[in-house]
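Engineer: Input: one structure, supplied below.
Just so it is clear, none of the values below were taken in a lab; they were calculated from the coordinates. A quick note: this is a predicted structure, and the numbers were derived from the prediction, not measured. Using ideal geometry, Cβ is built from the backbone for each residue, glycine included, and neighbour counts are taken over all protein chains shown.
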Amino acid sequence: MLPHPYLIQRVHQETSDTFTLEIVPADGSDGLTFMPGQFNMLYVFGVGEVPISISGDPGHPHTIVHTTRAVGTVTKAMRQMRKGDVIGIRGPFGTQWPVDKITGSDVVITAGGIGLAPLRPAIYQILNHRERYGKVVLLYGTRSPGDILFRRELEIWRSRFDLEVYITVDRAVGDWKGNVGVITTLIPRAPFDPHKAVALICGPEIMMRYSVKEFQKRGMSYDSMYVSMERNMKCAIGFCGHCQYGHRFICKDGPVFRYDVIDDLFTKREV
Amino acid sequence: MENLESLLEQHPFVKGLRKEHVRLLSGCTANARFDEGKFIFRENQVAEHFYILREGKVALEIYAPDRGPIVIDTLGADDILGWSWLIPPYHWKFDARVIEGTRALVLDGKCLRKKCEDDHDLGYELLKRFASIVEQRLEATRIQLLDIYGITS
Amino acid sequence: MYSLEEHAIGQMISSLKRQDYTVIGPTVQHGVIVYDEIHSLKDLPAGYTDDQKPGHYRLSHSDKPFKFQFNSSPHAWKKFLRPSVTRLWHAELGTAGFEFAEEKKEPPRFAFLGVRPCDLQAIRILDNVLLNGNFTEEGYKARREKLFIIVVNCTEPGGTCFCSSMGTGPRAVKDFDLAITEIPDIKHHRFMVEIGSEQGETLIRGIQHGKALPADVEKVDKLFGSAVRKMGRSVKTGGIAELLKKNFEHRRWEEVGNRCLSCTNCTMVCPTCFCTTIEDTTDLSGKSAERWRKWDSCFTLDFSYIHGGSVRSSVMARYRQWLVHKFSAWKDQFGTLGCVGCGRCITWCPVGIDITEELRYLREEDHETPSIKKPAKGKNNGKS
């Protein structure tokens, strides 16, 4: 599979270590259709290729948006790219947040740190069809106020009457007047009905593990929780073997999993 | 006028207590309101009460001379605030500052301590509940300390 | 069934070469029987036998003319179907972006002479992995489509073989063009051959052949029977996928992890291991880039690396990943077990780890907690 050339429209810094790329197909075609939760393989010419979740609106796929941290050679090179530069895209790959299947339910979107990026397309899709869902709650935790992603959007969402947004930070800095505490503390009090709610959870594995426990304490069963997993990926099409998680390939059986399906592995070490 | 006993009974903290224990508790309970910006208690003050928050938001803070007040936890409706009244030397370890106008049930800890000495059953029931709260806070604090969002080196 | 004299095998090789096949067969190099291009009968390892044990491989030579009296090679046929280093594409940085050039070179037409039944199953398994999913590996497909397979059945098991318990040998029954069985009769050295396809039929018609004698057919059947009986190792495969899932945290993994060097030999010689890595390179000018695919192994530390560290950082976890994949996860992924019983991993492990022994241990100590020892089977016989 060859990477398709895309042009960078915009690169902007979100927080100290996170940035967003907005890209369009270089040949002027319509761009790729994707489902929320899916990812692309992004190729920087001569440097390498990495998997990054798509974080834009599935309803407007002409511009593809990716939000990522600059942590390795490839992402650091990506951070230096400018409008008009070419980047290679293979995708979209992977399973999706089940936004179509959970109509009628309350939805609790639980994001930790950069985990808000792969969940954002699900939020867009839900808000685009808001009438199909019950209560919608967004719980978001980061390390500090400076690490809050998509601030402007969060403020807009918070001002809606049909969406509850709760944000917490691990440590307060400066004049932060909001919640302080780890994200799991938001779950016991979040306004949703555990008998008809679905949780979409994304963030570091520890955060997902403890969030699952908190949702369980509120009376939700494992089959109403979804998580997004991450492993080393090279080919994204099931041939290189790197992304195996038990017998599942994260690239094709994931990254989104219904929690009951992977519960037996989730608590084991070095899987 | 709201019936304090019925307000207490509604709270999960009180669930499972025998009728006479609930009555004992309500005898030590009063209603209170705290305005935004006020301190409910301050570090080193004698701890003689605890609070069942009904409405509003309270920040637990430590004051650092070079950095000013640092918020370490935020509590809201239905949270229990304060356990230092139960454990010697009965002094508050942190400041509790009101962020959003708060209404709470205030329980007289000093009075309760005496009642617990007289009635060990009551004492055991209260300690069981507080142990659970302390455990939840400790677990949350440990995860907070991990800095799970950071880039591990 | 037909009968071939020894020289007919030579005719077979010539005939294939005339049809522009690159004939790959066993041949001796550096004291090992490898798979490489062969040109005539004399390239075959006549008179050689191999002595294989855990961590041990030796060839010995005699004057006997027999060509196939050895078992597995450190090479697997995947070497030719999916080369260890392959360029996937190269690209130039142009003004409007990058221009890709997919590899257009035609892959050679291979004829494999000497595919053991276990290795044939390995090819079937790789077909399932690389051709039957949502995506197809084009390079593998191109080589596989043109492949001419001549199986050589086994009449003697190797020192580390266990094909009969894996249901993969010592005899192949389908999916080949031709299947040869050598009759190691010093008075009359000959071969039985079964036709498996039209192309196989055509090839046989073009060389000297005779009808197989019923006595020979019976003789060969007896040889297969004795091969099965002589097989030195076995694996009880009933419920093995579940067994490994249940014992994921068994203390035996720690124990084998202490012995394993994570040298990756087992994955390199295994005929079904398919893990690869992708490398992106560029030249000094930065205007020209290439993508290469190389064999990889789940035993390396950075195989499972994600930001911050490797998920499987201990050797124990990596060994467990490999064995559990081969005998459990593979079943969920592809419907069959991933092991064919060729024994290569046992022979080529420098510390002689024997997977049949590891699996036997797990089965015997299924679900036992570390502190409980199984009572010795004595007069009580399990009764308390």
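Engineer: About the Cα centre, and with charges only on the beta carbon of Lys, Arg (+1) and Asp, Glu (-1), how big is the dipole of the range C:240-364? Nearest 20 debye, please.
Structural biologist: Rounded to the nearest 20 debye, it is 220 debye.
Engineer: Say the cut-off is 27 Å between C-alpha atoms; which of A:K252/C:K78; A:K76/C:K294; A:K268/C:K331; A:K213/C:K331 go over it?
Structural biologist: A:K213/C:K331
Engineer: I would also like to ask the following. How big is the charge dipole of the range A:157-263 about its Cα centre, in debye rounded to the nearest 20, if each Lys and Arg gets +1 on its Cβ and each Asp and Glu gets -1 on its Cβ?
Structural biologist: For the range A:157-263, the charge dipole is close to 80 debye.
Engineer: Quick one: C:H250, C:H188, fewest Cβ neighbours within 10 Å first, how do they rank?
Structural biologist: So the ranking, lowest neighbour count to highest, is C:H188, C:H250.
Engineer: Moving to a separate point now. Stick to Cα atoms and the Kirkwood definition of Rh, then tell me Rg/Rh for the range C:240-364.
Structural biologist: 1.04
Engineer: In deg cm²/dmol, rounded to 500, what helix-only [θ] at 222 nm does chain C give when every DSSP H run of at least 4 residues adds -39500 (n - 2.57) and the total is split over its residues?
Structural biologist: Here the helix-only value at 222 nm equals -8500 deg cm²/dmol.
Engineer: Would you please give the residues with an amide H less than 5 Å from that of C:G133, counting only those at least 5 places away or on a separate chain, with H modeled from the backbone geometry?
Structural biologist: Distant-sequence amide H within range of C:G133: zero hits.
Engineer: List every residue whose amide H lies under 5 Å from the amide H of A:V198, counting only residues 5 or more places away in sequence or on a different chain, with H placed 1.01 Å from N in the peptide plane.
Structural biologist: A:D106, A:V107, A:V108
Engineer: Tell me what chain A gives for mean residue ellipticity at 222 nm when only DSSP H runs of n ≥ 4 count, each as -39,500 (n - 2.57), the sum divided by the residue total, rounded to 500 deg cm²/dmol.
Structural biologist: It lands at -5500 deg cm²/dmol.
Engineer: Kindly write out, for the range C:201-213 in residue order, the coupling ³J(HN,Hα) from the Karplus curve 6.51 cos²θ - 1.76 cosθ + 1.60 (θ = phi - 60°), rounded to whole Hz, with x marking Gly and Pro.
Structural biologist: Along the range C:201-213, the couplings run 4, 4, 4, 5, 4, x, 10, 5, 8, x, 6, 6, 6 Hz.
Engineer: Tell me, what HN-Hα J-couplings in whole Hz come from the Karplus equation 6.51 cos²θ - 1.76 cosθ + 1.60 at θ = phi - 60° for each residue of the range A:135-144, using x for Gly and Pro?
Structural biologist: Those phi angles translate into 5, 10, 10, 10, 10, 9, x, 9, 6, 8 Hz.
Engineer: Average projected area of the Cα convex hull of the range B:27-153, in nm²?
Structural biologist: For the range B:27-153, the mean projected area of the Cα convex hull comes to 9.4 nm².
Engineer: Looking at the protein assembly as shown, what % of its DSSP beta bridges pair antiparallel, to the nearest 5?
Structural biologist: Here the share of antiparallel DSSP bridges comes out near 75 percent.
Engineer: Counting alpha carbon pairs within less than 8 Å and at least 6 residues apart, what relative contact order, in whole percent, applies to the range B:4-146?
Structural biologist: Relative contact order here is 29 percent.
Engineer: Any idea what log10 I(q)/I(0) is at q = 0.19, 0.23, 0.24 Å⁻¹ for the range C:1-114, Debye with uniform C-alpha scatterers and no solvent?
Structural biologist: One equal scatterer on each Cα of the range C:1-114 leads to -1.06, -1.32, -1.37.
Engineer: Separate question: When 1/r is averaged over all different Cα pairs and the result inverted, which Kirkwood radius in Å belongs to the range A:4-93?
Structural biologist: It is 12.8 Å.
Engineer: Shifting gears a bit: Please list the radius of gyration and Dmax for chain C, considering alpha-carbon atoms only, with Å as the unit.
Structural biologist: When restricted to Cα atoms, chain C yields Rg and Dmax of 23.2, 85 Å.
Engineer: Would you please report the Å³ per residue occupied by the convex hull of the alpha carbon atoms in the range B:114-153?
Structural biologist: It is 59 Å³ per residue.
Engineer: What average number of partner chain Cβ atoms lie no more than 10 Å from the Cβ of the residues making up A:176-188?
Structural biologist: That works out to 6 on average.
Engineer: For the range C:315-349 and the range B:89-153, what is the separation of their Cα centres, given in Å?
Structural biologist: Here the answer is 52 Å between Cα centres.
Engineer: Averaged across A:2-12, how many Cβ atoms of other chains sit within 10 Å of each residue's Cβ atom?
Structural biologist: Across the residues of A:2-12, the mean count of other-chain Cβ atoms within 10 Å is 2.
Engineer: Would you mind checking the tilt of helix A:205-217 against the longest principal axis of the Cα atoms of chain A, expressed as 0 to 90 degrees and rounded to 10?
Structural biologist: Taking Cα atoms only, the helix is inclined about 30 degrees.
Engineer: Could you work out the relative contact order of chain C, using alpha carbon pairs under 8 angstrom and six or more residues apart, expressed as a whole percent?
Structural biologist: 21
Engineer: Over chain A, what is the relative contact order in percent, taking alpha-carbon pairs closer than 8 angstrom and at least six residues apart?
Structural biologist: Normalised by residue count, the contact order of chain A is 17 percent.
Engineer: So, one more: Counting other beta carbons within 10 Å of each Cβ, put C:K42, C:K67 in order, fewest first.
Structural biologist: C:K42, C:K67
Engineer: Shifting gears a bit: Go from 0 up to the bin containing the longest alpha carbon distance in the range A:106-228, width 10 Å each, and give me the % of pairs per bin.
Structural biologist: 14, 49, 33, 4, 0
Engineer: Rounded to the nearest 5, what % of the DSSP beta bridges within chain A are antiparallel ones?
Structural biologist: Around 60 percent of the beta bridges assigned by DSSP in chain A are antiparallel ones.
Engineer: If you take the square roots of the eigenvalues of the alpha-carbon gyration tensor of chain A and sort them as a ≥ b ≥ c, do you get rounded (a/c under 1.5), prolate (a/b over b/c) or oblate?
Structural biologist: prolate
Engineer: When the gyration tensor of the protein assembly as shown is built from Cα positions, what are the square roots of 5 times its three eigenvalues, in whole Å, from largest to smallest?
Structural biologist: 65, 34, 20
Engineer: So what does the Cα-only Debye profile of the range C:102-180 read at q = 0.17, 0.22, 0.26, 0.27 Å⁻¹, as log10 I(q)/I(0), no solvent term?
Structural biologist: Evaluating at q = 0.17, 0.22, 0.26, 0.27 Å⁻¹ gives log10 I(q)/I(0) of -0.73, -1.03, -1.22, -1.26.
Engineer: Sort A:244-250, A:122-128, C:343-349, C:237-243 for me by packing, meaning the mean count of neighbouring Cβ atoms within 10 Å per residue, highest on top.
Structural biologist: Result, highest mean first: C:343-349, A:244-250, A:122-128, C:237-243.
Engineer: Which whole number gives the average, over all residues in C:302-315, of C-beta atoms from other chains lying within 10 Å of the residue C-beta?
Structural biologist: Average per residue, whole number: 4.
Engineer: Among A:Y6, A:Y222, C:Y35, A:Y133, which comes first, then next, by fewest other beta-carbon atoms within 10 Å?
Structural biologist: Ascending Cβ contact count within 10 Å gives the list A:Y222, A:Y133, C:Y35, A:Y6.
Engineer: Starting from the amide H of B:H49, placed 1.01 Å from N in the peptide plane, find each other amide H under 5 Å away whose residue is 5 or more places distant or on another chain.
Structural biologist: Amide H neighbours of B:H49, under 5 Å, 5+ apart: B:G109.
Engineer: Spelling out what I want: for every residue of the range B:91-108, take phi, set θ = phi - 60°, compute 6.51 cos²θ - 1.76 cosθ + 1.60 (Karplus), and round to whole Hz; glycine and proline get x.
Structural biologist: Those phi angles translate into 10, 6, 9, 9, 8, 10, 10, 7, 9, 10, x, 10, 10, 8, 8, 9, 10, 6 Hz.
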